[in-house]
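Written out below as structure tokens is the structure these notes cover.
The values are calculated or read from the model by the stated rules, or taken from the named source; none is laboratory data. Model, not experiment: these values are computed from the prediction. FYI the Cβ positions are ideal-geometry reconstructions off the backbone, even for glycines, and counts take in every protein chain you see. Remember, those area values only see protein heavy atoms, side chains included, never the ligands or the DNA or RNA. Shrake-Rupley method; radii C 1.70, N 1.55, O 1.52, S 1.80 Å.
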Amino acid sequence: MSAGHARTGTRAGGLPPHIERAFRAAVADAVRHVGATAPNPPVGCAILDAAGTILCTGAHHRAGTPHAEARAIALCRERGLIERAHTIVVTLEPCNHTGRTGPCSQAIMHTPIRTVWIGATDPNPNVAGGGADFLRDHGCDVRLLSDMGTYDAAELARLCRGLITPFAHLARTGRAWVTVKQAVDATGSMRPPAGRTTFTSATALDLAHRLRRATDAVVTATGTITADRPGLDVRRVPDHPGRASRLLVICTTRGQVDEQYATQARARGFDVRTCTDIRHLPDLLGRAGAMWALVEAGPGLLSAIREHATWDDWLTVTVRPDGTEAMEVSVRTGGDTPLCLFPELDIPKGATCFQGS
């Protein structure tokens with residue numbers, strides 16, 4: 001046990017409290033940049049002193065800028081705290097290759113840090129990994145949440161995997177992660193009351209715009225465009241400043257789109273594409289550079305997506321007769337989902353479907 005662990009203590013059967021706090025701070029920092037980092041995953045990092053005090057946090061902001069570890073280390077140096085740096089907590093295994101930035105594994109070795117906690121291993125098969133092995137080989141005490149076998153570690157590991165689920169899916173399959181958002185009334189109808197374009201609450205609308213901000217693409221259909229002329233941009237919450245153009249994929253079996261609508265969408269910052277075969281949607285999105293796409297459309301497109309299994313997770317917002325709402329999340333394969341990053345959905349660890357209020 002390191003001196004830092006001895007001083008701060010470990011709860012019976014759980015993580016050291018300072019490590020849990022650090023992981024939550026690192027995840028929170030990373031979440032602020034979800035939707036701005038493609039083609040890289042969002043990553044968060046925290047640096048602690050030997051007593052378990054968080055000296056600083058850092059996150060990856062967008063491709064070509066410093067990774068989370070490099071940003072946190074630089075901030076620690078700027079504050080004159082680097083000599084106190086003892087432990088680093090990072091949501092994703094530090095990279096061990098040189099791309100647009102240098103290897104984070106080597107950056108760590110140029111600090112006093114010799115204890116490294118990792119939330120998720122690098123899933124990218126296209127780069128030389130081995131960040132954890134490199135650090136171990138150079139004298140670091142490297143610990144993985146997946147090796148802890150405790151409930152709190154599993155919960156944090158799920159959040160760390162949620163951060164990289166779309167990235168891991170794209171790296172493994174070449175296809176974007178597709179989230180469907182569907183709002184229905186108590187009878188299962190998607191038709192809003194007369195004179196309205198939605199029947200969900202302000203809270204649900206805020207969630208929809210946060211999902212738009214977090215994703216790299218929005219998918220809709222010509223029927224929805226004709227009926228509602230939706231903006232599909234981020235309005236109810238601040239968007240990422242200076243973000244790359246978000247994709248807008250319009251599904252149309254005939255290959256025709258409303259050119260006036262498409263022109264207006266481009267003026268709102270969208271890169272407009274068309275999809276004539278729903279079976280090819282995830283591949284089209286992946287080739288266009290999107291890691292995570294949000295589907296906002298009517299029953300016709302949603303039925304086709306379900307029929308051809310071109311979705312990865314599905315968020316259903318059901319408005320009850322008394323006006324309250326239930327939110328249900330289904331995951332098509334496995335249990336990991338980036339929707340776990342939205343606390344109001346409160347998806348239990350290991351569950352693939354949740355009914356909440």
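Considering every residue within the stretch 63-76, establish whether at least one is open to solvent by less than 10 Å² (accessible area, probe 1.4 Å), within 26 Å of GLU20 (Cβ to Cβ), outside any loop (DSSP other than H, G, I, E, B) and not aliphatic (A, V, I, L, M). Among the residues of the stretch 63-76, at least one is open to solvent by less than 10 Å² (accessible area, probe 1.4 Å), within 26 Å of GLU20 (Cβ to Cβ), outside any loop (DSSP other than H, G, I, E, B) and not aliphatic (A, V, I, L, M), which makes the answer yes.
Among the candidates VAL249, VAL257, single out the residue that is modelled with pLDDT of 95 or more and either open to solvent by less than 40 Å² (accessible area, probe 1.4 Å) or under 21 Å from TRP314 (Cβ atoms) (or both). Reasoning before the result, please.
On the way: VAL257 fails: modelled with pLDDT of 95 or more.
Within the list VAL249, VAL257, the selection yields VAL249.
Can you tell me which residue within the stretch 271-295, out of those that are closer than 19 Å to ARG246 by Cβ and without any contact (Cβ under 8 Å) to a residue 40 or more places away in the chain, is most open to solvent (accessible area, probe 1.4 Å)? Filtering the stretch 271-295 for residues that are closer than 19 Å to ARG246 by Cβ and without any contact (Cβ under 8 Å) to a residue 40 or more places away in the chain, the one most open to solvent (accessible area, probe 1.4 Å) comes out as ARG273. A residue that is at negative phi, at pLDDT below 90 and not in a loop (DSSP other than H, G, I, E, B) can be found somewhere in the stretch 345-353. A single entry from LEU144, LEU156 fulfils the requirement of being surrounded by 15 or more Cβ atoms within 10 Å (Cβ to Cβ), at pLDDT 95 or above and touching a strand residue (DSSP E or B) at 6+ places or on another chain (Cβ under 9 Å): LEU144.
Return yes when GLY129 is out of contact with any helix residue (DSSP H, G or I) (no Cβ under 9 Å at 6 or more places or on another chain), at pLDDT below 95, under 30 Å from GLY14 (Cα atoms) and not polar (S, T, N, Q) and no when it is not.
Working: out of contact with any helix residue (DSSP H, G or I) (no Cβ under 9 Å at 6 or more places or on another chain): yes; at pLDDT below 95: yes; under 30 Å from GLY14 (Cα atoms): yes; not polar (S, T, N, Q): yes.
Spelling it out, GLY129 is indeed out of contact with any helix residue (DSSP H, G or I) (no Cβ under 9 Å at 6 or more places or on another chain), at pLDDT below 95, under 30 Å from GLY14 (Cα atoms) and not polar (S, T, N, Q).
Just a yes or no: is a residue in the stretch 89-97 open to solvent by 40 Å² or more (accessible area, probe 1.4 Å) and either modelled with pLDDT of 95 or more or outside any helix (DSSP H, G or I) (or both)? So far as the stretch 89-97 goes, yes, one or more of its residues are open to solvent by 40 Å² or more (accessible area, probe 1.4 Å) and either modelled with pLDDT of 95 or more or outside any helix (DSSP H, G or I) (or both). Scanning the stretch 296-341 for residues that are over 29 Å from GLY119 (Cα atoms), of a type in the set (A, V, I, L, M, F, W, C) and surrounded by 16 or more Cβ atoms within 10 Å (Cβ to Cβ) yields a count of 7.
Selection within the stretch 106-128: residues that are over 20 Å from GLY52 (Cβ atoms) and more than 21 Å from the chain's Cα centre (by Cα). The member of this set that is surrounded by the fewest Cβ atoms within 10 Å (Cβ to Cβ) is HIS110. Is it the case that some residue within the stretch 218-230 is surrounded by 15 or more Cβ atoms within 10 Å (Cβ to Cβ), under 28 Å from VAL319 (Cβ atoms), touching a strand residue (DSSP E or B) at 6+ places or on another chain (Cβ under 9 Å) and without any contact (Cβ under 8 Å) to a residue 12 or more places away in the chain? Checked the stretch 218-230: no residue is surrounded by 15 or more Cβ atoms within 10 Å (Cβ to Cβ), under 28 Å from VAL319 (Cβ atoms), touching a strand residue (DSSP E or B) at 6+ places or on another chain (Cβ under 9 Å) and without any contact (Cβ under 8 Å) to a residue 12 or more places away in the chain.
Look at GLU20 and say whether it is modelled with pLDDT of 95 or more, open to solvent by 30 Å² or more (accessible area, probe 1.4 Å) and either hydroxyl-bearing (Ser, Thr, Tyr) or outside any loop (DSSP other than H, G, I, E, B) (or both).
On the way: modelled with pLDDT of 95 or more: yes; open to solvent by 30 Å² or more (accessible area, probe 1.4 Å): yes; either hydroxyl-bearing (Ser, Thr, Tyr) or outside any loop (DSSP other than H, G, I, E, B) (or both): yes.
The answer is yes for GLU20.
Among the residues of the stretch 302-348, those identified as more than 16 Å from the chain's Cα centre (by Cα) and of a type in the set (D, E, K, R) are ARG306, GLU307, ARG320, ASP322, GLU325, GLU328, ARG332. Please tell me if ARG175 is in a loop (DSSP other than H, G, I, E, B), within 21 Å of ASP277 (Cα to Cα), modelled with pLDDT of 95 or more and open to solvent by 50 Å² or more (accessible area, probe 1.4 Å). When the stated conditions are applied, ARG175 passes them. Against the conditions (1) more than 23 Å from PHE134 (Cβ to Cβ); (2) modelled with pLDDT of 95 or more, ARG11 satisfies every one except (2). For the residues GLY188, GLY242, the requirement of being of a type outside the set (A, V, I, L, M, F, W, C), modelled with pLDDT under 90 and over 28 Å from HIS280 (Cα atoms) singles out GLY242.
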